[in-house]
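Have a look at the structure below before the remarks.
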């Protein structure tokens, strides 16, 4: 009888853990989708940086905003905006400069690291 109770409790705990994982994964996917929308609007010039920062803090946690998933979303939105705006024959340096400044401002606001930063200056590196 005790083994059946223990097995039932273990199964119940397992069901709760699976349900918690599914709920967490769905909320992360929803945050990714909404973040992607607002970052795309930012790069298109439809949303100022302060509004983007406010909305993103409402949507997601700091661990998500400063993490690799957010960095991937930012890079993808930047790439789409660059392809769209620079595809024409009249791709000017002004447009490039605006996009790169927008990316730098966004990375600074969210605390996203530079991926290919040189680390040769660190002490102990030869």
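Report which label in (1) 121; (2) 105; (3) 182 holds the value of volume of the Cα convex hull per residue in Å³ derived from the coordinates of this structure.
Comparing each candidate, only (3) matches the computed number.
What FRET efficiency comes out for the pair residue 6/residue 62, r = Cβ-Cβ distance, R0 = 41 Å, nearest 0.05? Write down the numbers at each step before the final one.
On the way: r = 40 Å, r/R0 = 0.96.
Computed FRET efficiency for residue 6 and residue 62 comes out at 0.55.
Can you list the residues of region 23-65 with backbone N under 18 Å from a point 7 Å past the Cα of residue 72, pointing along Cα to Cβ?
24-40, 60-65
As an exercise, use a Förster radius of 35 Å and the Cβ-Cβ distance of residue 97 and residue 25 to find the FRET efficiency, rounded to the nearest 0.05.
The value I calculate is 0.35.
Relative contact order of the chain: what whole-number percent is it, with Cα pairs under 8 angstrom and at least 6 residues apart?
Taking the mean separation of contacting Cα pairs over the length of the chain, I get 22 percent.
Quote the FRET efficiency, to the nearest 0.05, computed for residue 87 versus residue 50 with a Förster distance R0 of 25 Å and r equal to the Cβ-Cβ distance.
Step by step, r from the Cβ atoms, then E = 0.30.
Would you calculate, for the chain, the mean residue ellipticity at 222 nm contributed by helices, counting each DSSP H stretch of 4 or more residues as -39,500 (n - 2.57) and dividing by all residues, to the nearest 500? Each step should come with its number before you reach the end.
Details: 5 runs with 94 residues, N = 126.
Rounded to the nearest 500, it is -25500 deg cm²/dmol.
Every number here is computed from the coordinates shown, using simple stated rules; none is lab data. Keep in mind that this is a model prediction, so the values were computed, not measured. With ideal geometry, Cβ positions are generated from the backbone for all residues, glycine too; neighbour counts draw on all protein chains shown.
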